[in-house]
1. What pairs come out if I take residues in region 167-179 that are under 12 Å from Thr262 (Cα atoms) and pair them with residues that are open to solvent by 40 Å² or more (accessible area, probe 1.4 Å) and assigned to a helix (DSSP H, G or I) whose C-beta lies under 8 Å away, six or more apart or interchain?
2. Identify, please: which residue in region 201-254 is touching a strand residue (DSSP E or B) at 6+ places or on another chain (Cβ under 9 Å) and of a type in the set (Ser, Thr, Tyr) and is, among those, farthest from Arg310 (Cα to Cα)?
3. Residues of region 36-87 being among the small types (Gly, Ala, Ser), part of a loop (DSSP other than H, G, I, E, B) and over 21 Å from Ala118 (Cα atoms), which ones?
4. Name the residues in region 174-190 that are closer than 20 Å to Leu222 by Cβ, under 17 Å from the mean Cα position of the chain (by Cα) and either part of a helix (DSSP H, G or I) or not small (Gly, Ala, Ser) (or both), would you?
5. Residue by residue through region 131-143, note down the ones that are in a helix (DSSP H, G or I) and either open to solvent by 10 Å² or more (accessible area, probe 1.4 Å) or free of Cβ contacts under 8 Å to residues at least 40 places away in the same chain (or both).
6. Output the number of residues of region 284-310 satisfying the condition of being in a loop (DSSP other than H, G, I, E, B) and at negative phi.
7. Kindly list, by first and then second residue, each pair from a residue in region 303-330 that is modelled with pLDDT of 90 or more to a residue that is of a type in the set (S, T, N, Q) and open to solvent by less than 70 Å² (accessible area, probe 1.4 Å), limited to pairs with Cβ atoms under 7 Å and residues at least 6 apart or on different chains.
8. For Leu212, all conditions in the list (1) over 22 Å from Leu336 (Cβ atoms); (2) open to solvent by 10 Å² or more (accessible area, probe 1.4 Å); (3) free of Cβ contacts under 8 Å to residues at least 40 places away in the same chain; (4) in a helix (DSSP H, G or I) hold save one; what is the number of the exception?
Amino acid sequence: MKKIINILPLFSLIIIFCFSIIFCAKNEIDFDTTPEDLYKKMVNNPAFEENPAGESFCWHARVGIDQYVENYLLTKNTDWLDAGIKYYDFLIGKMDTDPDGYKGWIGSFSRSGKEYWADALVGDAILLTSILDFSVLALENQALKGKYGQKANAYVEIAKKDFGEKWDKRGSWCEDGSYGSYVGVFRFTKTGTVKEWVKSSRAGTSNPFNKLMDAGQVFLRLYRITGDKFYRNRAEKIFYTVKSRFQYFDNHYCWNYWEPLTPGDVNLEKKTTRHWVGVHPFRSGYQAGEVGKIVEAYHYGIVFDELDMRRILNTNLNVMWNKDKVNPRFINSNGLGADNDTTGLG
């Protein structure tokens, strides 16, 4: 395994510049908040009033979650880790138990008109990825392991059972040779209860690539911590699926937000796919996030090589960026649509 480093998405020259300032600054770093204040701010997020559970809760809860580990790495002050544990435990305390005995962040399912509750693969993934970053740090640092090892291992067990095992038992994982994806199983409960499943006739579709790679990040961390090749192989199939959809043109890559993988992704009667296919038109930030996950897979030594990295850089530098270092702007990787342009979304 290659040495894994923290790396930013390659699509943002501004962010890279900001981080250069941080690492060139004096050793004494003055934060505008304390660990305890950060914790209080995050647990009292106003967005939780409208989104107290479910996938939407997870998206809001992830904002700022990486600061605990990042600020510790900058300061070596374990108060940041103590505050992080308090926040992680707050999040885990929000998990409910589904009728099959597995836990998740169960709440309103956004595409059901709030009639049903469900937990979501991506909701689990985006929170557990950051929590496992703490586990990696604590278990690989002998100075931290004595104090934090037990808590770190407890988080690992949650990820193994209530992520890896849960979604397999529910039949969400689908693979074809070297490729694999998670599909929506649409197991709902009635809003306000988690006692029994409500049957649904909805067909499951594969997850879009950003959510699929979120799952891949959980498995990369579980592999790093446990050494179990099952997790490495699972991550590898996920990232192979993404790479297999790359389109190579004029020495750069372009790829869509989603493409069909399983029979359930196609509506044979209507002769169409069950989800639109195309580069995400909202903003280039979607692919920036995806690149961060791809680069992480590269540093784990799976699927992507240096040539892939160079081609992705070419996508950014030669297609997306306006070549203006003072007022940089980005279009999407297919050469169409400025940031926040919603044209073309069906």
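The values are calculated or read from the model by the stated rules, or taken from the named source; none is laboratory data. Only a predicted model underlies this, so the values are computations on that prediction, with no experimental measurement involved. Reconstructed Cβ throughout: ideal geometry from the backbone, glycine too, with neighbour counts over all protein chains shown. Side chains included, ligands, DNA and RNA excluded: accessible areas come from the protein's heavy atoms. Shrake-Rupley method; radii C 1.70, N 1.55, O 1.52, S 1.80 Å.
1. Filtered contacts from region 167-179: Glu175/Lys237; Tyr179/Lys237; Tyr179/Tyr240; Tyr179/Ser244.
2. Thr205
3. First, the residues of region 36-87 that are among the small types (Gly, Ala, Ser): 47, 53-54, 56, 61, 64, 83-84.
Pick out the ones that are also part of a loop (DSSP other than H, G, I, E, B) and you get 53, 64.
Gly64, the sole residue that qualifies.
4. Selection gives Tyr182 alone.
5. Initially, region 131-143 is screened for residues in a helix (DSSP H, G or I), giving 131-140, 142-143.
Those that are in a helix (DSSP H, G or I) and either open to solvent by 10 Å² or more (accessible area, probe 1.4 Å) or free of Cβ contacts under 8 Å to residues at least 40 places away in the same chain (or both): Asp133, Val136, Leu137, Leu139, Glu140, Gln142, Ala143.
6. In the first step, residues of region 284-310 are kept if they are in a loop (DSSP other than H, G, I, E, B); the result is 284, 300-305.
With the extra rule that they be at negative phi, the set shrinks to 284, 300, 302, 304-305.
So the answer is 5.
7. The qualifying pairs are Thr315/Ser333.
8. It fails just one condition, (2).
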